[in-house]
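Undergrad: This is the structure I have questions about; it appears just below.
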Amino acid sequence: MSPSVLADYLSPAGYRQPPVWALAKEWKAVPELGRAAARAVADGRPRLRTRVQPEPQGAGAPVLLVPGFLAGDYSLRVLSSALRRHDYRTYSAHITSNTGCLQSSAGMLERRLEEIVDKRGEQVTIVGHSLGGMLARGLAVRRPDLIAGVVTMGSPMMAPGLSHPLLIGAAEVLMRFSALGVPGLMSQACLAGACAETAWLESREPMPVGVPLTCLWSRGDGLVHWRSCVDPLGTSVEVRASHIGMAFDPIVADTVLEVLRSDPTPLAATA
């Protein structure tokens, strides 16, 4: 791949790109999808009453779910259902396919956050998969008044330019279509220009006080190297999942629930 496609600062020293063969790890998404189906069936069955006290619930706390690169809101429906069963109020990002300009997507998500905060009167936790988590990390820096916390899942914030060659190639294809005049796609600026630089600088800013960052990562990730998903400014949590499977594996959903329960109660939104 041409070295001019991505800005050099997106591939910092000390990080590695997954080899082409690492894509084979993603086969685990098949049994992960099976676990998701089994969990859905189990959750649909009537449960016997017990005297055991229920686990702490979400009390309707708002959570915005942001899909990963090339994916849309549909990819996080299983996670959304899991959170709703535990009384969290989930909101979609209104993204059909996360392939657009980074700054345009960030602006759209910022407006979405404002809508939710205006409606609920409290800050929102963002759970983002892959690129969705990277966008969430930048939004926390930009609008900490709207955000109660950020949870990323397989988000290569530390070295996005060293993702699997398949993902880099897909980004290059989008860039070329954008150059041909196809609207709504990542452009050259998003990969090596002002858009990329702004997103990168925001992702390296310290997290605002009172906005916790939790990074979920997996050694079984076949599309991004796990080290690039560990932000030293956040809390690191290892999970066992493929990159794609993080979006719907019920075991990962359970981990997200644990993180949400451990975070402080969202604050009332400021005027």
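Undergrad: Per residue, how much accessible surface does the chain expose to a 1.4 Å probe? Answer in Å², no decimals. Intermediate values should be presented prior to the final figure.
TA: Numbers: 13030 Å² over 271 residues.
Ligands and nucleic acids excluded, the figure is 48 Å² per residue.
Undergrad: Now a separate question. For region 60-194, take N as its residue count and report Rg(C-alpha) divided by 2.2 N^0.38 Å. Could the numbers behind the result be given before it?
TA: On the way: Rg = 15.0 Å, N = 135, 2.2 N^0.38 = 14.2 Å.
That works out to 1.05 for region 60-194.
Undergrad: Here is a further query. In nm, give the distance between the simple-model label positions of Ser92 and Asp118, each being 7 Å from the Cα along the Cα-to-Cβ direction.
TA: For Ser92 paired with Asp118, the spin-label model returns 2.1 nm.
Undergrad: Where is the GNM fluctuation largest for the chain (alpha-carbon springs, 10 angstrom cutoff): Pro250, Pro183, Pro67?
TA: Largest GNM mean-square fluctuation: Pro183.
Undergrad: Kindly provide the helix-only [θ] at 222 nm of the chain, computed as the sum of -39,500 (n - 2.57) over DSSP H runs of four or more divided by all residues, to the nearest 500 deg cm²/dmol? Each step should come with its number before you reach the end.
TA: On the way: 8 runs with 99 residues, N = 271.
About -11500 deg cm²/dmol.
Undergrad: Pop a pseudo-label 7 angstrom from the Cα along the beta-carbon direction at both Ile251 and Val30 and give the gap in nm to one decimal.
TA: Placing both labels 7 Å along Cα→Cβ, they lie 1.7 nm apart.
Undergrad: What distance in nm separates the two pseudo spin-label positions at Arg85 and Ala7, each 7 Å out from Cα along the beta-carbon direction?
TA: So the two model labels end up 4.2 nm from each other.
Undergrad: If the elastic network links every pair of Cα atoms under 10 Å, which of Ala71, Ala140, Ala37 fluctuates the most in the Gaussian network model of the chain?
TA: Looking only at Ala71, Ala140, Ala37, the largest GNM fluctuation is found for Ala37.
Undergrad: A further question follows. Working out 0.36 nm times the residue gap between Glu238 and Val41, then minus their Cα-Cα distance, what length gain in nm do you get to one decimal? Please list the in-between numbers first.
TA: Numbers: separation 197, 0.36 × 197 = 70.92 nm, distance 2.67 nm.
Residue separation times 0.36 nm, minus the Cα-Cα distance, leaves 68.3 nm.
Undergrad: Shifting gears a bit: Go ahead and run the numbers for FRET between Arg16 and Ala179, Cβ-Cβ distance against an R0 of 25 Å, rounding to 0.05.
TA: Values: r = 30 Å, r/R0 = 1.19.
It comes to 0.25.
Undergrad: In angstroms, what radius of gyration and Dmax does the chain have, counting Cα atoms only?
TA: Radius of gyration, then largest Cα-Cα span, for the chain: 18.3, 64 Å.
Undergrad: Rolling a 1.4 angstrom probe over the protein chains, ignoring ligands and nucleic acids, what is the accessible area of His129 in square angstrom, nearest 10?
TA: Roll a 1.4 Å probe over it and His129 shows about 10 Å².
Undergrad: Further question: With a 1.4 Å probe and every protein chain left in place, tell me how much accessible area Thr198 has, in Å² to the nearest 10.
TA: The value for Thr198 is about 60 Å².
Undergrad: How large is the accessible surface of Asp249 in square angstrom, using a 1.4 angstrom probe and rounding to the nearest 10?
TA: Rounded to the nearest 10, the figure is 0 Å².
The values are calculated or read from the model by the stated rules, or taken from the named source; none is laboratory data. These numbers were taken from a predicted model, which means no experiment stands behind them. With ideal geometry, Cβ positions are generated from the backbone for all residues, glycine too; neighbour counts draw on all protein chains shown. The area values use the complete protein model at the heavy-atom level, side chains included, leaving out ligands, DNA and RNA. Shrake-Rupley method; radii C 1.70, N 1.55, O 1.52, S 1.80 Å.
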